[in-house]
1. Taking K85 as meeting all but one of (1) at pLDDT below 95; (2) surrounded by 10 or more Cβ atoms within 10 Å (Cβ to Cβ), write down the number of the exception.
2. Can you find a residue that is polar (S, T, N, Q), modelled with pLDDT of 95 or more, within 16 Å of the chain's Cα centre (by Cα) and assigned to a helix (DSSP H, G or I) anywhere in region 42-65?
3. Given (1) exposed (fewer than 10 other Cβ atoms within 10 Å of the Cβ); (2) at pLDDT 95 or above, identify the lone condition not met by M1.
Amino acid sequence: MTSQTMQNLQRQLLAKDEQITELMQEGERLSKQELKQGTIIKKLRVKEKEQEKAIEALQSRLAEIDHLKEKLREKREQEIKYDGKSVNE
């Protein structure tokens, strides 16, 4: 091999080494980014479940309030009927 061919091969080898290093750095960066995104997704899922539980609790309380409103309305109607009967009697 000529010295020029050797120099060419060495330049190509250096370029390939640089490319490998850059690809490894990019891979490491992407791996860290994926880990960070995975952590964020887990946190969001936990938060979503907490919010779903809170919604269920609020819906349950709302149903209870509606039930109590209905009972109150019925009691008032009975009271009005009772007051009307006692006035008439």
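1. (2)
2. Here is the first cut: in region 42-65, the residues polar (S, T, N, Q) are 51, 59-60.
Narrowing the set further to residues that are modelled with pLDDT of 95 or more leaves 51, 59-60.
Right, trim to within 16 Å of the chain's Cα centre (by Cα) and you get 51.
Next, only the ones that are assigned to a helix (DSSP H, G or I) stay: 51.
Yes, region 42-65 contains a residue that is polar (S, T, N, Q), modelled with pLDDT of 95 or more, within 16 Å of the chain's Cα centre (by Cα) and assigned to a helix (DSSP H, G or I).
3. Of everything listed in (1) exposed (fewer than 10 other Cβ atoms within 10 Å of the Cβ); (2) at pLDDT 95 or above, M1 misses just condition (2).
The values are calculated or read from the model by the stated rules, or taken from the named source; none is laboratory data. A quick note: this is a predicted structure, and the numbers were derived from the prediction, not measured. In this analysis, Cβ positions are derived from the backbone assuming ideal geometry, glycine residues included, and neighbour counts consider all displayed protein chains.
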